[in-house]
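Student: I am attaching a structure below and will ask some questions about it afterwards.
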Amino acid sequence: MKNKKVLVTGSGTGLGRETALEFARRGAEVVLHYAHSKEGAESAVHEIQSWGGKATALYADFRDVGQVQKWVSDAIDWLGGIDVLVNNAGTTMTLEFEKVTPEQFDTLYNINVRGQFFAIQTALPTMLSQGGGAIVNLSSIHGFQACKGHSVYAGTKGAIIAYTRQLAIELAPKGIRLNAVAPGAVPVENHFKLAGSNDTSETAKGIPCGFVGTPIDIANVVVFLASEEARYLIGQTILVDGGTSSWMSFSEGFHEMGLQLGKGYVPGL
């Protein structure tokens, strides 16, 4: 990533902040984005600058497409180009389906899907003029598996998976690679605030590997997808979830049935 020019949206906290830091650790020049977490974004900038790196943080409200477009244009101008765009900005609400309002629906789709989509569109001319680039969209395990109260959020994350695949096929012949990352359980600052605790032991019990992920686990995969080492990966969504999505939730029940039968398997399956 030496001297690569990288834009990371939603990088004031959590996964985005760590991803921006990891690109900088590997020698990239970075523009961070924040909507609410100015302190977190600016502290990351100061940390990068303390290493001798190049970084800045710019504000934008991604509910507004005009601000998305301006943020991307300003970031590219500041860097003097763009090699990588990481679309991490997103929001969630836990909402009972019957109580979802049109305003809440629009907020999630505007930030999570429309913001990503038009960030790419705005960055595209510069990427094409430079001969290509890499784009990594952040989706979620919610795009693959259901969880109560996430009907709107899951829809946005499924949309990201679908349009990443579609747009990747359109842009690959032009030298631009698109892929996505779908994190599983990766608690960040806001999760801990809502939970009132940093204890992740209960969540870890439901993950095959036995522990929750951390932001650097996601950042490492994002940086890989943006690198030339991933040049043959096109239109994929990589699940980074400790095995959660590979595990049959009812598998233990079948295992116990087989043991009780004394044969180690369930007849007829």
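Student: Under 12 Å from the Cβ of Leu178, count the other residues' Cβ atoms, weight Lys and Arg +1, Asp and Glu -1, and hand me the total. All intermediate terms of the calculation are to be shown ahead of the outcome.
Tutor: Numbers: positive: Arg165, Lys174, Arg177; negative: Glu170.
Charge balance near Leu178 sits at +2.
Student: Relative to the Cα centre, what is the charge dipole magnitude of the chain, using +1 at the beta carbon of each Lys and Arg, -1 at the beta carbon of each Asp and Glu, and rounding to the nearest 20 debye?
Tutor: 560
Student: Please state the charge dipole magnitude for region 1-113, taken about the Cα centre, from unit charges on C-beta atoms (+1 on K and R, -1 on D and E), reported in debye and rounded to the nearest 20.
Tutor: Working: 11 positive and 15 negative charges, 107 e Å.
Dipole magnitude for region 1-113 comes out near 520 debye.
Student: Ok, one more. Run lengths n ≥ 4 of DSSP H only: what is the helix-derived mean residue ellipticity at 222 nm for the chain, with -39500 (n - 2.57) per run over all residues, to the nearest 500? Please report the intermediate quantities before stating the final value.
Tutor: Details: 10 runs with 118 residues, N = 269.
-13500 deg cm²/dmol, from helical runs alone.
Student: I would also like to ask the following. Using only the Cα atoms of region 58-154, construct the convex hull and provide its projected area averaged over every direction, in square nanometres to one decimal. Please report the intermediate quantities before stating the final value.
Tutor: Numbers: hull surface 26.6 nm².
Across all orientations, region 58-154 yields a mean hull projection of 6.6 nm².
Student: By per-residue mean of other Cβ atoms within 10 Å, what is the highest-first order of 220-232, 138-150? Present the calculation step by step, with values, prior to reporting the outcome.
Tutor: Details: 220-232: 16.5, 138-150: 18.2.
Highest mean packing first, the order is 138-150, 220-232.
Student: Here is a further query. Do you know the relative contact order of region 1-143, to the nearest whole percent, from alpha carbon pairs under 8 angstrom that are 6+ apart?
Tutor: Details: 242 pairs, mean separation 35.3, N = 143.
Normalised by residue count, the contact order of region 1-143 is 25 percent.
Student: Using 0.36 nm per residue of separation minus the Cα-Cα distance, give me the extension gain between Lys2 and Tyr109 in nm, one decimal. Can you show the working numbers first?
Tutor: Numbers: separation 107, 0.36 × 107 = 38.52 nm, distance 3.44 nm.
Result: 35.1 nm gained on full extension.
Student: By how many degrees, between 0 and 90 and to the nearest 10, does the Cα long axis of helix 215-226 differ from the longest principal axis of the chain?
Tutor: Between helix and principal axis, roughly 60 degrees.
Student: Using 7 Å Cα-to-Cβ label points, what is the Gln121/Ser227 separation (nm, one decimal)?
Tutor: The two pseudo-label positions are separated by 3.3 nm.
Student: Given R₀ = 30 Å, what would the calculated FRET efficiency be for Thr94 paired with Ser245, taking r from the Cβ atoms and rounding to 0.05? Mind showing how you got there, number by number?
Tutor: Numbers: r = 20 Å, r/R0 = 0.67.
Using R0 = 30 Å, I get an efficiency of 0.90.
Student: For region 95-136, state the semi-axes of the equivalent ellipsoid (square roots of 5 times the eigenvalues of the alpha-carbon gyration tensor), sorted largest first and rounded to whole angstrom.
Tutor: Numbers: eigenvalues 223, 15, 3 Å².
They are 33, 9, 4 Å, listed largest first.
Student: For helix 151-171, what angle does its Cα long axis make with the longest principal axis of the chain, in degrees from 0 to 90 and rounded to 10?
Tutor: 60
Student: How would you order 108-117, 57-66 from highest to lowest mean count of nearby Cβ atoms within 10 Å? Can you show the working numbers first?
Tutor: Working: 108-117: 22.2, 57-66: 17.1.
Those peptides, ordered most packed to least, come out 108-117, 57-66.
Student: Evaluate 2.2 N^0.38 Å with N set to the residue count of region 126-188, then give the Cα radius of gyration divided by it. Mind showing how you got there, number by number?
Tutor: Details: Rg = 14.0 Å, N = 63, 2.2 N^0.38 = 10.6 Å.
Dividing the Cα Rg of region 126-188 by 2.2 N^0.38 Å gives 1.32.
Student: Can you send over the carbon and sulfur percentage of the accessible area for the chain, probe radius 1.4 Å, protein chains only?
Tutor: Result for the chain: 54 percent of the exposed heavy-atom area is carbon or sulfur.
Student: Let me ask something else. Longer than 22 Å from Cα to Cα, which of Lys38/Lys148; Lys148/Lys205; Lys4/Lys174; Lys99/Lys157; Lys2/Lys54 are they? Say none if no pair is.
Tutor: On the way: Lys38/Lys148 31 Å; Lys148/Lys205 19 Å; Lys4/Lys174 19 Å; Lys99/Lys157 20 Å; Lys2/Lys54 11 Å.
Flagged as over cut-off: Lys38/Lys148.
Student: OK, next. May I have the extent of the alpha carbons of the chain along their three principal axes, as whole Å values ordered from largest to smallest?
Tutor: 68, 40, 39
Student: Which residue, chosen from Ser73, Leu138, Thr19, occupies the Cα position most advanced towards the positive end of the dipole of the chain, where the dipole is computed from +1 (Lys, Arg) and -1 (Asp, Glu) charges on Cβ about the Cα centre?
Tutor: Final value for the positive-end residue is Ser73.
Student: Check Gly133: other-chain or 5+ apart residues with amide H under 5 Å from its amide H, H built from backbone geometry?
Tutor: Under 5 Å from the amide H of Gly133 lie the amide H atoms of Ile176, Arg177, each far enough along the sequence or on another chain.
Student: Still on this structure, please answer the following. Local charge sum around Asn3 (other residues, Cβ-Cβ under 12 Å, Lys/Arg +1, Asp/Glu -1)?
Tutor: On the way: positive: Lys2, Lys4, Lys5, Arg26, Lys54; negative: Glu29, Asp83.
Result for the neighbourhood of Asn3: +3.
Student: What do you get for the angle between helix 14-25 and the principal long axis of the chain? Use alpha-carbon atoms, 0 to 90 degrees, nearest ten.
Tutor: For helix 14-25, the angle is close to 50 degrees.
Student: Can you give me the convex hull volume of the Cα atoms of region 11-109, divided per residue and expressed in Å³? If you can, show how the numbers build up before the last one.
Tutor: On the way: hull volume 9.5 nm³, N = 99.
Hull volume normalised by residue count: 96 Å³.
Student: In whole angstrom, and with the biggest value first, how far do the Cα coordinates of region 65-106 range along each principal axis?
Tutor: Computed over the Cα atoms, the extents are 48, 19, 9 Å.
Student: Now for a separate question. With each pseudo-label sitting 7 Å past Cα toward Cβ, what's the Cys209-Glu47 distance in nm, one decimal?
Tutor: 2.0
The values are calculated or read from the model by the stated rules, or taken from the named source; none is laboratory data. Keep in mind it's a predicted model, so treat the numbers as computed, not measured. Positions of Cβ are backbone-derived with ideal geometry, glycine not excepted, and every protein chain shown enters the neighbour counts. The protein model used for the area step is the full one, side chains on, heavy atoms only, and it has no ligands, DNA or RNA in it. Shrake-Rupley method; radii C 1.70, N 1.55, O 1.52, S 1.80 Å.
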